Every structure is written in C-alpha cells, then in structure tokens.
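Before any comments, here is the structure.
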Amino acid sequence: MWEADHVQAPVLVEVEGTVRRPWVTWFVDCATNTVMGVAVTPGCPSRESVLAALRAAVLREEPFGPQGGLPEKVRVDRGKDFLSKTVAAAFGALVVEVEDLPAYTPHLKGTVEGLNRAVEVMLLASLPGYVRQPRPGRRPGRPKDEGLLDFEDFTARLLGWVEWWNTCHLPQPLDGKSPLQAWEGDPTPVREVSPEELWTFTLEDDGRIRLVSTRGVRFRRRDYVGPWMTGLAGTGVRVRFMPHHDHRIEVFDAATGRYLGPATVADEASPEQITQVRTARAARSRRLRKDLAAAQRERYAAVTRPGKPERLDAVSTMEAAAELAVADRADLSRLALPDLIPPAAPPSDWRTPASLAARTRLQTSPAADDDETRRRTGGGCHR
C-alpha cells in the first residue's frame, strides 16, 4: 500500500528571477515509511508531476533505487491531478488499484501526512526563506537582504534529505531499522516493470491516428520532425506525450504499436525569442491587472439623509479623452469599415427585407457601367 500527496513547501525559492514556493509530489510506502519517489515543481503541480513521481517510485535503477516496484494499491485524497484520465490510465495499465478517500479525511492517509510534517520540522524550517519563521516587530516581513536558495539548490537539499530519511533515519516503530532496511527485509515479492514499458504507460495518448508527411507529424497545429521519419511518408502513427511538454512527442506505429522514435518541434523559436515573448506576456498581464483593479475600484460618498448615491470618481477632460482614445484604438470593431464597399444586391427572386436592400448596390450590366463611367468623366463615344 502506497500513499501519495502534493505539499507546498513553506520556503521561498528563486525561480528565474521570481520568488516562488515550490510544490513536492511524493509516494510513500505505508508499511515501512519509505519514500518511494519524489518530484519537485517550481509552480503549481499537475498530472505531469504525478507521472514523474510515479516513474521515480517504480524504477529501481539509479538514481531512484533500490526501492521500487509496483504496489497493489495507492491512496489519494480526491486530488484532481491524481484522478485525471491520464493518471488513471497509467495506474490501470500497471494494474494498480487507486483508493479515492473521502474529502476532509487526512487521518485516513496518515503516513504521507506525517511525512509532510516531518520534512518541514527536520529540513524546511532551517532553510533561508522559511515563511513561517517568527520575526520581531509588529509587522513581520522578510528581510530585504535575506539570501534565498535557487530552485536547483533547493531540489538538491530536498533529495538529500529524502536519501537520509530512507537510509539513516531510525523511526521508533521500525525497531532500530531504517525505512529502506525494513523495506528490503519485507519478504513480499516485488513486481517490476521495464523502463521502456513504464515510459510508454506513463505518457498521455492522443487518441487519434495521424499520417507521417514530408513535413513530419502534425500535432496541435505544429509540425514535429525526427530523423527516423525518412522513407515513412504516409505511415499511420499514434502520438503519446508528456503533459505540458510541448517540445517533444513520442510516436508509435498505429497498426503494430511499435515505438518509432521521438519527434521535436520543427523551426522552434530561439531561447532569446522565447524570453522576449514571456517578457511581453508579463507586461501585458500587469497592464490588464492594473486596468481591472481600476475598473473594480468604486467609491461613493457617505450620506446622512435619503438620496441618490454619489460617485466619487472625478475625471478631467484630458484624462477622459486620453482613456477613450486608447479604448478606440483597442476596439478593432470600430476600425472596421463594413460600408466602404456595399455588398451586391441579391437576386430579384429573393425576398429581401427593405432594411437590407437599402444597404446594397444594384447590379448593372457592363454596358450600363460603361455609360455611367462616360457620364461621370464627361467623355463621348469614340471609335
């Protein structure tokens, strides 16, 4: 029996110039308190975090072993990531039963909840950037000169603590044994799976059959190419991929299920371009948040007698004109000129409403058009 959970570390960590609180996803063996596998995510976890931690928990090769293998059952607490279709399909392919516990019952998975408390007391509370550290003064806050760990250093320290927990920690219920010693001393046979099969089972299936073309494999409006595609044009394939990893897909033969190879995005943007796109998105997001906050901020005057509410939002003429000018430039519907070229009139046998017929131009013959042109230009008939 295993238990799985997400926990947000109460530690501030630098991630590409921003300060975040990373998330930890892990699987723990209930009988021995052995941490089977762990995955760390800088932002909010997803089903990709669950699949990464599951692969680390099942594999027994370095650097994940020697603990591993497949459990008979995994307890989860109604987390949407653990109950997603991709994760459920992976557990089903590995013949692992998932026990979905009722909501608000952390005591039913006390092993992993105890691990969450233990890692905070034994490791996270001693790291710089610990958010629950009591600070002097009436308004507690983080000192400006406090040095924070980067994501790589934080991950290294966490994985080092996990190794210490499995190999050196001696919990009292294990009678002087470490969790790994108790796990290795258990006579229960271990069900193992090859890394290739595990990689296949823990990928999300696209569910469609695609064809290999001269441009590669079309997937989500992008072309993915690989050197193994030479000479396979017209072959039906199926696409498997790691969720949110858009730079690479795994391609399998649709008829036999044989693994063909990986494929990467064709004409991928350079890291400099990706950085510029992210910077532009961040600036646009800040502007939108500022405009939204200004739009939602409403103040009214306090009254002592019955009367209509009075808004306290005085705006000068110049401010109003500037804001309306920006709104006009942003509204693309105002820039459109639908009546610049009136649409042609419908056929005479159609029942056209008068309001629509008034906005159409009459269809004339070419000779009539020539006469109209000569009339406007003042020219005569020339042979």
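Would it be correct to say that residue 279 is open to solvent by less than 40 Å² (accessible area, probe 1.4 Å) and either aromatic (Phe, Trp, Tyr) or outside any loop (DSSP other than H, G, I, E, B) (or both)?
no
Scanning the range 12-33 for residues that are under 28 Å from residue 68 (Cβ atoms) and more than 20 Å from the chain's Cα centre (by Cα), which turns out most open to solvent (accessible area, probe 1.4 Å)?
Among those that are under 28 Å from residue 68 (Cβ atoms) and more than 20 Å from the chain's Cα centre (by Cα), it is 31.
Would it be correct to say that residue 101 is touching a Gly at 6+ places or on another chain (Cβ under 6 Å), of a type outside the set (Asp, Glu) and under 30 Å from residue 172 (Cα atoms)?
So residue 101 fails the test.
Identify, by number, the condition in (1) surrounded by 11 or more Cβ atoms within 10 Å (Cβ to Cβ); (2) within 30 Å of residue 16 (Cβ to Cβ) that residue 147 doesn't meet.
(1)
Yes/no per residue for (1) modelled with pLDDT of 90 or more; (2) open to solvent by 70 Å² or more (accessible area, probe 1.4 Å):
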site: 181; (1), (2): yes, yes
site: 206; (1), (2): no, no
site: 209; (1), (2): yes, yes
site: 221; (1), (2): no, yes
site: 236; (1), (2): yes, no
site: 249; (1), (2): yes, no
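Residue pairs, Cβ under 9 Å, 6 or more apart or interchain, first in the range 218-230 and within 11 Å of residue 263 (Cα to Cα), second part of a loop (DSSP other than H, G, I, E, B) and not hydroxyl-bearing (Ser, Thr, Tyr). List them.
Filtered contacts from the range 218-230: 223/215; 223/266; 223/267; 224/266; 225/215; 225/266; 229/212.
Just to be sure, is residue 303 open to solvent by less than 90 Å² (accessible area, probe 1.4 Å) and either modelled with pLDDT under 85 or under 29 Å from the mean Cα position of the chain (by Cα) (or both)?
No, not satisfied.
If you scan the range 58-106, which residues turn out to be among the β-branched types (Val, Ile, Thr) and either open to solvent by 50 Å² or more (accessible area, probe 1.4 Å) or assigned to a strand (DSSP E or B) (or both)?
Passing the criteria: 74, 76, 95, 98.
Residue 109 versus (1) modelled with pLDDT under 90; (2) loosely packed, with under 13 Cβ neighbours inside 10 Å; (3) of a type in the set (D, E, K, R): which is the lone unmet condition?
(2)
The values are calculated or read from the model by the stated rules, or taken from the named source; none is laboratory data. A quick note: this is a predicted structure, and the numbers were derived from the prediction, not measured. As a convention, Cβ positions derive from the backbone with ideal geometry for all residues, glycine included, and neighbour counts pool all protein chains shown. For accessibility, only protein heavy atoms count, side chains too; no ligands or nucleic acids. Shrake-Rupley method; radii C 1.70, N 1.55, O 1.52, S 1.80 Å.
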